[in-house]
1. Among the residues of the range 1-17, how many are open to solvent by 100 Å² or more (accessible area, probe 1.4 Å) and closer than 13 Å to Gly75 by Cβ?
2. From the set of residues in the range 22-42 that are over 15 Å from the mean Cα position of the chain (by Cα) and open to solvent by less than 90 Å² (accessible area, probe 1.4 Å), which is modelled with the lowest pLDDT?
3. Listed residues Leu65, Leu77; which is over 19 Å from Lys3 (Cα atoms) and among the hydrophobic types (A, V, I, L, M, F, W, C)?
4. Please enumerate the residues belonging to the range 47-67 that are surrounded by 11 or more Cβ atoms within 10 Å (Cβ to Cβ) and either assigned to a strand (DSSP E or B) or at positive phi (or both).
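The values are calculated or read from the model by the stated rules, or taken from the named source; none is laboratory data. Just so you know, these numbers come straight off a predicted model, no measurement behind them. FYI the Cβ positions are ideal-geometry reconstructions off the backbone, even for glycines, and counts take in every protein chain you see. What goes into the accessible areas is simple: the full protein's heavy atoms, side chains included, and nothing from ligands, DNA or RNA. Shrake-Rupley method; radii C 1.70, N 1.55, O 1.52, S 1.80 Å.
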Amino acid sequence: MNKILLVGRLVRDAELSFLAGTGTPKVTFTIAVDRAYQKDKDNKKTDFINCEQIGKHVEKLSAYLTKGKLLGVEGELN
């Protein structure tokens, strides 16, 4: 099973584009996810995860995906 669940903040506003040929909408965004366990509390570690979502619903969704918003993402890791 390939399933991932991430909670983090958007690094910048989401970018809406359309797939060539089909015209299907695609939104891309990056979220910053802090690591839960860290030995050194002074040097906090953060992972930056690039995400994309495809489908008709992303046209409306992209208007809400703005920099700094807290976001939960569920999907598969590729």
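1. First pass over the range 1-17, keeping only residues open to solvent by 100 Å² or more (accessible area, probe 1.4 Å): 1, 3, 5, 9, 12, 15.
Imposing the further condition that a residue be closer than 13 Å to Gly75 by Cβ reduces the set to 1, 3, 5.
Residues in the range 1-17 being open to solvent by 100 Å² or more (accessible area, probe 1.4 Å) and closer than 13 Å to Gly75 by Cβ: 3 in total.
2. Ranking the candidates gives Gln38 first.
3. On the way: Leu77 fails: over 19 Å from Lys3 (Cα atoms).
After applying the criteria, what remains is Leu65.
4. Correct list: Asp47, Ile49, Cys51, Glu52, Gln53, Ile54, Gly55.
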